[in-house]
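K.L.:
Mind having a look at this structure? Questions to follow.
The values are calculated or read from the model by the stated rules, or taken from the named source; none is laboratory data. Every value quoted in this text rests on a predicted model; they were computed, and no experiment measured them. Note that we place each Cβ from the backbone using ideal geometry, even for glycine, and neighbour counts take in every protein chain shown.
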Amino acid sequence: MRINSFKNGLVLIGLIFMLTISGCKNKKADINSNDKNENKVAEDSNANSKQADYLSDFEFAFDTLKTYYPFFDVNKKLNDVDFLSMHDEFKSWISECKNDDEFFDTMDEILSYANNGHTNMVPIEEGNFFHTIYFDSTYNPELKRISETYEKPLVKERYKIVSDYKLENDAHEGSGEKETSNVIAKDYVDGRIAYIKVKEMRIKRDKDIEVLNKYLDKIKNYDALIIDIQGNPGGDSTYWQDYLIPKITNRPLTQNVYSFMKKGKIFEDIFELYGYEDVTEDVMEELDFPEVTSEIAKKFDKYSFEAITVEPSEKSINFDGNIYLLVDRDVFSSAEALASFAKETGFATLVGEKTGGDGIGTDPYQVDLPKTGYVMRFPKELGITERGVIDELEKTTPDIKIISNEENINEDSKKKVLEIEDENAEKYMNKAS
């Protein structure tokens, strides 16, 4: 169990620290023992104060998750982890923390037991990023509030929030090299099977669009198109909703999804913004979800329905050939949203492994811990497909499963597409003759 190994690690660090201190005695220390004792009292008082802060912030974080976190039941089913029952064990870890770094790392380790990629402590180096991307979200009070979290004095100091970060970041992102390396566009089979690889769903994508437009405009009459998102951790769903699919599809596509949330003060404006309604017995009966889904969803307080519609753009290539989406276990977040959308709407045939999940919903929520100023991030919605599948529980299963290892999954997936297309070509030739 990771619990035991982590606790032992903390104990070992403590022993090394104690041994180091015990070896530092000298005559000067003995002469100044009175001064040292006075300093020690002050140090002990400061240490006790810090530990009280750590424990207070732990309880705040734990209570916040207990009230709002959507995936406790999913975690039990998938990983046999009862997060809430581990409170006392987690608390004992926090009681051993001696400084801020240990507290942050221990809290992050605790959150890892949620087994969710959106649940973590926000690293110091990411604070300015989140503050910036949500800063102009005047249309969305939920996102604006996240940005304002980083403007609180303690959080601002902790994360070193700077006013000129946005300009510096824009200049860095505009260098071009990083942008173009995000996509690959080339023929897999000359003149017949097109291939594009998207590594991340980036917010800044002008260079990506330039590369992809130039290639996609040339392949609109090909037999097949491979869209490879294996290994894609996500990013911004508008990458595929506003650009990629509209550039390719020849017809409107719609996916219906449901989001379930737990009620609480911090989510009140979200319920109003997205038109959430009460979860009742009548509602659950009308939705008629599979039993495993209903057992979990009925414990929530609010739900909403959304139709995600994507239409061909004016510059769409109106691709009429076969489209394949390559997926694997590392496809997550907004990349997972694309996988789910493609399967539910029939936009593409999915090839590869089951995905990583957690793609239905809006941006993860963020709250600051009052005593330390660290920020915790966690998802707020239980996302369910029109078929009644909990996305985080079932993930997205490919239409064509590839049994392979991590090193070969990509090549094996592409070879499978080639095999299918060769069979299609042979059938066409036989029919024509």
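K.L.:
I want to confirm something. Restricting to segment 226-243 and keeping residues that are among the charged types (D, E, K, R) and touching a strand residue (DSSP E or B) at 6+ places or on another chain (Cβ under 6 Å), which single residue is nearest to K354 (Cα to Cα)?
P.N.:
Among those that are among the charged types (D, E, K, R) and touching a strand residue (DSSP E or B) at 6+ places or on another chain (Cβ under 6 Å), it is D228.
K.L.:
Another question, if that's okay. Within segment 238-267, how many residues turn out to be at pLDDT below 95 and buried (at least 17 other Cβ atoms within 10 Å of the Cβ)?
P.N.:
Of the residues in that region, 1 qualify.
K.L.:
Which residue pairs have Cβ atoms closer than 6 Å, lie 6 or more positions apart in sequence or on different chains, and pair a first residue in segment 395-407 that is modelled with pLDDT of 95 or more with a second residue that is of a type in the set (G, A, S)?
P.N.:
Going by the 6 Å Cβ cut-off, the qualifying pairs are K395/G357; T396/A339; T396/S340; P398/G352; I402/G352; I402/S413.
K.L.:
Which of the residues belonging to segment 273-291 are closer than 18 Å to V257 by Cβ, touching a strand residue (DSSP E or B) at 6+ places or on another chain (Cβ under 8 Å) and at pLDDT 95 or above?
P.N.:
Selection gives Y276, E277, V279, V283, L287, F289.
K.L.:
Still on this structure, I have one more. I'm told R387 meets every condition in (1) assigned to a loop (DSSP other than H, G, I, E, B); (2) more than 30 Å from K76 (Cβ to Cβ); (3) without any contact (Cβ under 8 Å) to a residue 60 or more places away in the chain except one. Can you identify the failing condition by its number?
P.N.:
R387 satisfies all of (1) assigned to a loop (DSSP other than H, G, I, E, B); (2) more than 30 Å from K76 (Cβ to Cβ); (3) without any contact (Cβ under 8 Å) to a residue 60 or more places away in the chain except (2).
K.L.:
Quick test for you: out of N116, N99, N48, pick the one residue that is under 29 Å from F260 (Cβ atoms) and not β-branched (V, I, T).
P.N.:
Only one candidate qualifies: N116.
K.L.:
Scan segment 266-323 for residues that are assigned to a helix (DSSP H, G or I) and acidic (D, E) and jot them down.
P.N.:
E268, D269, E272, E281, D282, E285, E286, E291, E295
K.L.:
Here are K152, K166: which of them is modelled with pLDDT of 95 or more and out of contact with any Cys (no Cβ under 7 Å at 6 or more places or on another chain)?
P.N.:
After applying the criteria, what remains is K152.
K.L.:
Which residues, counting only those in segment 75-112, are within 16 Å of the chain's Cα centre (by Cα) and surrounded by 19 or more Cβ atoms within 10 Å (Cβ to Cβ)?
P.N.:
N75, L111
K.L.:
Could you please find all residues in segment 335-348 being surrounded by fewer than 22 Cβ atoms within 10 Å (Cβ to Cβ) and in contact with a helix residue (DSSP H, G or I) (Cβ under 8 Å, 6 or more places away or on another chain)? Walk me through how you get there before you give the answer.
P.N.:
Of all residues in segment 335-348, those surrounded by fewer than 22 Cβ atoms within 10 Å (Cβ to Cβ) come to 344-347.
Correct list: F347 only.
K.L.:
Another question, then. Within segment 349-380, take every residue that is polar (S, T, N, Q) and part of a strand (DSSP E or B) and give me the one that is surrounded by the fewest Cβ atoms within 10 Å (Cβ to Cβ). Working first, answer last.
P.N.:
In the first step, residues of segment 349-380 are kept if they are polar (S, T, N, Q); the result is 349, 355, 362, 366, 372.
Remaining after also requiring part of a strand (DSSP E or B): 349, 366.
Values: T349: 17, Q366: 19.
Of everything passing the filter in segment 349-380, T349 is surrounded by the fewest Cβ atoms within 10 Å (Cβ to Cβ).
K.L.:
Can you tell me which residue among G235, G321 is surrounded by 13 or more Cβ atoms within 10 Å (Cβ to Cβ), closer than 17 Å to V183 by Cβ and not aliphatic (A, V, I, L, M)?
P.N.:
Details: G321 fails: closer than 17 Å to V183 by Cβ.
None of the other options fit; the residue is G235.
K.L.:
I270 fails exactly one of the following numbered conditions: (1) of a type in the set (A, V, I, L, M); (2) surrounded by 15 or more Cβ atoms within 10 Å (Cβ to Cβ); (3) modelled with pLDDT of 95 or more. What is the number of that condition?
P.N.:
That leaves (3) as the condition not met.
K.L.:
Tell me which of these A171 doesn't satisfy, since it passes every other one: (1) among the aliphatic types (A, V, I, L, M); (2) over 23 Å from F271 (Cβ atoms); (3) modelled with pLDDT of 80 or more.
P.N.:
Going through the list (1) among the aliphatic types (A, V, I, L, M); (2) over 23 Å from F271 (Cβ atoms); (3) modelled with pLDDT of 80 or more, A171 breaks only (3).
K.L.:
Checking A194 against (1) over 24 Å from G117 (Cα atoms); (2) among the small types (G, A, S); (3) surrounded by fewer than 20 Cβ atoms within 10 Å (Cβ to Cβ), which test does it fail?
P.N.:
(3)
K.L.:
Quick check: anything in segment 410-419 crowded, with 21+ Cβ neighbours inside 10 Å and not in a helix (DSSP H, G or I)?
P.N.:
There is no residue in segment 410-419 that is crowded, with 21+ Cβ neighbours inside 10 Å and not in a helix (DSSP H, G or I).
K.L.:
Could you please let me know if L84 is assigned to a helix (DSSP H, G or I), in contact with a strand residue (DSSP E or B) (Cβ under 7 Å, 6 or more places away or on another chain) and within 19 Å of F60 (Cβ to Cβ)?
P.N.:
Working: assigned to a helix (DSSP H, G or I): yes; in contact with a strand residue (DSSP E or B) (Cβ under 7 Å, 6 or more places away or on another chain): no; within 19 Å of F60 (Cβ to Cβ): yes.
No; evaluated as a whole, the condition is false for this residue.
K.L.:
Let me spell it out: the conditions are (1) over 26 Å from G127 (Cβ atoms); (2) under 16 Å from the mean Cα position of the chain (by Cα), and Q366 meets all of them except one. Which number is the exception?
P.N.:
The failed condition is (1).
K.L.:
Which members of segment 400-409 meet the condition of being assigned to a loop (DSSP other than H, G, I, E, B) and surrounded by 15 or more Cβ atoms within 10 Å (Cβ to Cβ)?
P.N.:
Taking segment 400-409 first, the residues assigned to a loop (DSSP other than H, G, I, E, B) are 402-408.
I402, S404, listed by residue number.
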